[in-house]
Each structure stands twice: as C-alpha cells, then as structure tokens.
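Chemist: What follows is a structure written as structure tokens; I'll ask about it next.
The values are calculated or read from the model by the stated rules, or taken from the named source; none is laboratory data. All of these numbers come straight from a predicted model, not from anything done at the bench. All Cβ positions, even for glycine, are placed from backbone atoms using ideal geometry, and neighbour counts span all protein chains on display. These area figures cover heavy atoms from the full protein model, side chains too; ligands, DNA and RNA do not enter into them. Shrake-Rupley method; radii C 1.70, N 1.55, O 1.52, S 1.80 Å.
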Amino acid sequence: VRPRVAGAIESDTGLPAEAVQTVCQDAAGGLWAVLQYGSLARGRGGKWSVMGKADGWPGGVAICVAPARDGGVWVGMGDHGLLRWREGKTEAWGPENGYDIRSVRSLLAAANGDVWIVTDWPNRLRVFRDGRLLDVKAPANMQAMIALAETPDGKIWAGTSNGRLFGVRNLRLVREDAAVP
C-alpha cells in the first residue's frame with residue numbers, strides 16, 4: 001500500500017454535477033467518465049466536456065468505459081452493444097451490424113489487448129480478441145456478472161451479484177471461491 005494524494009474535480013472544469021459510474025485513462029493520458037444518466041465525458045488539460053455529435057459520438061446510453069490499447073476508448077452501451085471511439089470516429093459491434101451484443105454491463109481492457117465484455121440479456125462473458133468475438137463458457141444458472149479484474153500475471157476474474165468469484169481458464173469460467181467460507 002502506497003499513499004497517494006487525491007483531489008476533487010470541481011464543477012468549473014466542465015464536468016456535469018452527476019454521479020460518475022466508471023472512469024478510465026486513455027493511452028494519451030486523457031480521462032474518460034460515464035455519468036449517471038449515460039453521458040460520456042472526456043477530460044483533457046484540466047477541462048471536461050460531454051461528448052456529442054460534433055465529437056463523433058453517436059449518443060445513446062453509455063454504461064462503462066475502458067481504454068483502447070492503441071488509442072481512444074471502448075464504451076459499453078445500455079442499448080447499442082459495444083462502441084469504440086477514436087479520434088472522432090466511432091465503430092460499433094452490436095445488433096445493427098450482426099453482433100448479438102445489446103446491453104453491456106462491464107468492460108475490461110486487458111494488458112494483452114483483449115477486451116472482456118459482460119453482457120445482459122443473456123448474462124454472458126465474451127472476449128474481443130484479434131478482431132473476433134469469442135464466448136466464454138459459463139456454468140448453468142450463474143448469477144449476473146457485475147465486475148471484472150485482471151491480475152498482474154494476466155488472469156481474468158469475474159465477480160457475480162451473489163458474491164461468487166470465477167476465474168477464466170481456457171475460455172471457461174471456473175468457480176474459485178468454493179473453498180472460501
């Protein structure tokens with residue numbers, strides 16, 4: 001544990017007075033935040049702005065944000081699947097272009113470049129790897145996944161709404177907390 005100094009971002013920076021749901025830092029050092037009502041905001045040089053059409057942002061309800069390894073950000077949407085914003089352009093992976101991703105609950109941009117995606121309807125973990133969307137096999141009757149994490153050695157973990165912990169092994173979710181009281 002190392003102490004760090006933290007500071008508040010004041011309202012005069014342009015960040016709306018809404019709860020921040022998720023935040024990340026992109027490869028260029030910019031900050032990104034998904035706000036309470038589904039807006040996506042970008043912070044650069046101490047100033048914040050809410051993304052709009054002029055920024056190449058199509059709109060919709062953003063749920064979560066994660067850095068894209070080669071610039072820009074991945075954005076999980078509540079209604080349009082997975083988006084990638086980079087330099088004013090948005091790419092989509094959702095129902096409108098043949099992917100069965102609708103509502104994204106959580107994202108994790110792994111150190112190796114994989115993007116891990118938790119979806120609702122159905123409750124599913126997927127990985128976007130080398131331009132392909134792969135399914136991760138989950139146990140039957142698994143509760144909703146709500147959190148993802150990566151360890152320094154690259155192992156991916158998923159936590160569920162009922163307190164279960166799963167590790168990913170060979171594109172399978174394996175319950176890891178069974179021995180924990």
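Chemist: For the range 131-154: of the residues being at pLDDT 90 or above and charged (D, E, K, R), which is farthest from residue 77 (Cα to Cα)?
Modeler: 153
Chemist: Yes or no: residue 94 small (Gly, Ala, Ser), out of contact with any helix residue (DSSP H, G or I) (no Cβ under 8 Å at 6 or more places or on another chain), modelled with pLDDT under 90 and open to solvent by less than 30 Å² (accessible area, probe 1.4 Å)?
Modeler: yes
Chemist: Tally time: how many residues in the range 30-49 are more than 15 Å from the chain's Cα centre (by Cα), of a type in the set (A, V, I, L, M, F, W, C) and closer than 20 Å to residue 76 by Cβ?
Modeler: Qualifying residue count for the region: 0.
Chemist: On to the next question. For the range 101-117: of the residues being in contact with a Pro (Cβ under 9 Å, 6 or more places away or on another chain) and part of a loop (DSSP other than H, G, I, E, B), which is least open to solvent (accessible area, probe 1.4 Å)?
Modeler: Residue satisfying both the conditions and the ranking: 101.
Chemist: Show me the strands (runs of 3 or more DSSP E) entirely contained within the range 123-181 in which 1 or more residues are of a type in the set (D, E, K, R), touching a Phe, Trp or Tyr at 6+ places or on another chain (Cβ under 9 Å) and open to solvent by less than 80 Å² (accessible area, probe 1.4 Å).
Modeler: 124-129, 145-150
Chemist: For residue 59, which of the numbered conditions (1) farther than 22 Å from residue 94 by Cβ; (2) among the small types (Gly, Ala, Ser); (3) out of contact with any Gly (no Cβ under 7 Å at 6 or more places or on another chain); (4) modelled with pLDDT of 90 or more fails to hold?
Modeler: Going through the list (1) farther than 22 Å from residue 94 by Cβ; (2) among the small types (Gly, Ala, Ser); (3) out of contact with any Gly (no Cβ under 7 Å at 6 or more places or on another chain); (4) modelled with pLDDT of 90 or more, residue 59 breaks only (1).
Chemist: Please go through the range 36-62 and pick out each residue that is in a loop (DSSP other than H, G, I, E, B), out of contact with any Lys or Arg (no Cβ under 9 Å at 6 or more places or on another chain) and either among the small types (Gly, Ala, Ser) or under 14 Å from residue 26 (Cβ atoms) (or both).
Modeler: 38, 39, 45, 46, 52, 60
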